[in-house]
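The values are calculated or read from the model by the stated rules, or taken from the named source; none is laboratory data. In this text, all values refer to a predicted model and were calculated from it rather than measured experimentally. Don't worry about glycine lacking a Cβ; one is built from the backbone with ideal geometry, like all the others, and counts go over all protein chains shown.
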Amino acid sequence: MSFRKYYQVFKTYSDINSPEYKKRIEELEPHLTKYLANKGRVLDLACGVGWFSFLLEDYGFEIVGVDIDEEMIKKAQEYKKERNSNVVFMQADAKNLPFDDNSFDYVLFIGDNVIHFTPSELNQVFKEIQRVLSRDGLFILHFNDLREMIPMLKSSNIVGEKYWVSKMLLDKEEKFVIIEYQSPNDYFRVKFNIWGKTAIELLAKLYFMQVESLRINEYSYFQMYKPKEVEIRLQA
Ligand SMILES: C[S@@+](CC[C@H](N)C(=O)[O-])C[C@H]1O[C@@H](n2cnc3c(N)ncnc32)[C@H](O)[C@@H]1O
């Protein structure tokens with residue numbers, strides 16, 4: 001069961017020069033630039049190889065990119081060197097962030113990071129985001145509604161250049177799905193936590209107030225949240 005293999009094989013999140021990655025940038029850049037109006041300090045949480053960090057750096061933001069995966073951070077550091085960038089990349093866990101309270105004006109959690117987290121884990125991540133976000137900061141969330149996507153995944157066979165979906169196992173409660181990808185030479189499985197828009201919004205409601213929710217394509221949402229008031233935070 002390997003996300004590492006998944007990210008190696010499919011370039012959507014791992015190769016900033018691939019058409020798939022470029023398509024994501026085209027989709028998200030107008031929203032990011034519209035809603036991140038004032039310059040400030042940004043945490044790009046679960047930043048992957050870091051392109052969204054570089055994008056916002058080019059717009060004048062000060063960026064810290066965090067990812068739990070050593071390989072992702074290594075690749076981000078390579079891109080950083082090529083670009084002569086000042087983004088600070090760190091390997092850390094989104095559930096336990098090495099930052100002081102109120103230390104960022106914006107937290108980005110984009111590109112479908114939610115599939116990595118069970119409900120209790122995502123709860124912990126949201127709690128951490130609320131803690132490190134300044135009182136008047138903004139939390140920017142982007143995800144694909146995997147619950148809505150499942151029927152489409154069931155009927156789609158070819159994925160990427162060489163692989164097809166050879167098996168798909170849904171648990172009874174549809175909390176996660178295990179997908180087996182096969183090529184002429186090998187196969188691997190990945191376990192995705194299934195998150196739909198409603199469940200994400202309910203969880204986010206514990207820590208944030210929604211400011212905006214945009215449907216940016218058939219399955220994908222771009223949302224903005226403000227942290228809840230301090231009194232409520234202390235009780236949470
Ligand atoms: C779908 S990729 C998206 C990467 C990036 N946000 C983007 O849009 O290109 C999800 C990322 O979440 C990272 N990740 C998974 N669990 C994490 C955790 N507990 N803490 C920090 N990052 C995590 C993975 O390593 C991966 O790079």
Flagged pairs (Cβ under 6 angstrom, 6 or more apart or on separate chains; first in the range 136-151, closer than 17 Å to Met168 by Cβ; second aliphatic (A, V, I, L, M) and away from the ligand (no atom under 12 Å from the Cβ)) are Leu146/Ile194; Arg147/Ile194
Out of the residues in the range 64-76 that are within 6 Å of the ligand (Cβ to nearest atom) and of a type in the set (Asp, Glu), which is surrounded by the most Cβ atoms within 10 Å (Cβ to Cβ)? Asp67
Across the range 111-122, which residue is modelled with the highest pLDDT among those that are within 10 Å of the ligand (Cβ to nearest atom) and not in a helix (DSSP H, G or I)? Phe117
Output for Cβ contacts, cut-off 7 Å, separation at least six or different chains, first residue more than 11 Å from Gly50 (Cα to Cα) in the range 77-92, second among the acidic types (Asp, Glu) and not in a helix (DSSP H, G or I), reads Gln91/Asp67
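If you go through the range 77-99, how many residues are more than 11 Å from the ligand (Cβ to nearest atom), within 15 Å of Leu45 (Cα to Cα) and part of a loop (DSSP other than H, G, I, E, B)? I'd like the intermediate steps shown before the answer.
The first filter runs over the range 77-99 and keeps only residues more than 11 Å from the ligand (Cβ to nearest atom), leaving 77-89, 98-99.
When the remaining residues are screened for being within 15 Å of Leu45 (Cα to Cα), the result is 87-89, 98-99.
Then keep just the ones that are part of a loop (DSSP other than H, G, I, E, B); that gives 87, 98-99.
Matching residues across the range 77-99 total 3.
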Flag for Phe61 being more than 8 Å from the ligand (Cβ to nearest atom), within 20 Å of Tyr163 (Cβ to Cβ) and either crowded, with 19+ Cβ neighbours inside 10 Å or touching a residue at least 60 places away in the same chain (Cβ under 8 Å) (or both): no
Filter result for the condition that a residue is under 14 Å from His142 (Cβ atoms) and at pLDDT 95 or above, over Tyr219, Tyr225: Tyr225
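Looking at the structure I just gave you, is Asp145 on the phi < 0 side of the Ramachandran plot and modelled with pLDDT of 95 or more? First the steps, then the outcome.
Values: on the phi < 0 side of the Ramachandran plot: yes; modelled with pLDDT of 95 or more: no.
No; evaluated as a whole, the condition is false for this residue.
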May I ask you to verify whether Asp44 is within 16 Å of Phe222 (Cβ to Cβ), within 13 Å of the ligand (Cβ to nearest atom), assigned by TED's automatic domain parsing to the domain that holds Leu138 and surrounded by 15 or more Cβ atoms within 10 Å (Cβ to Cβ)? yes
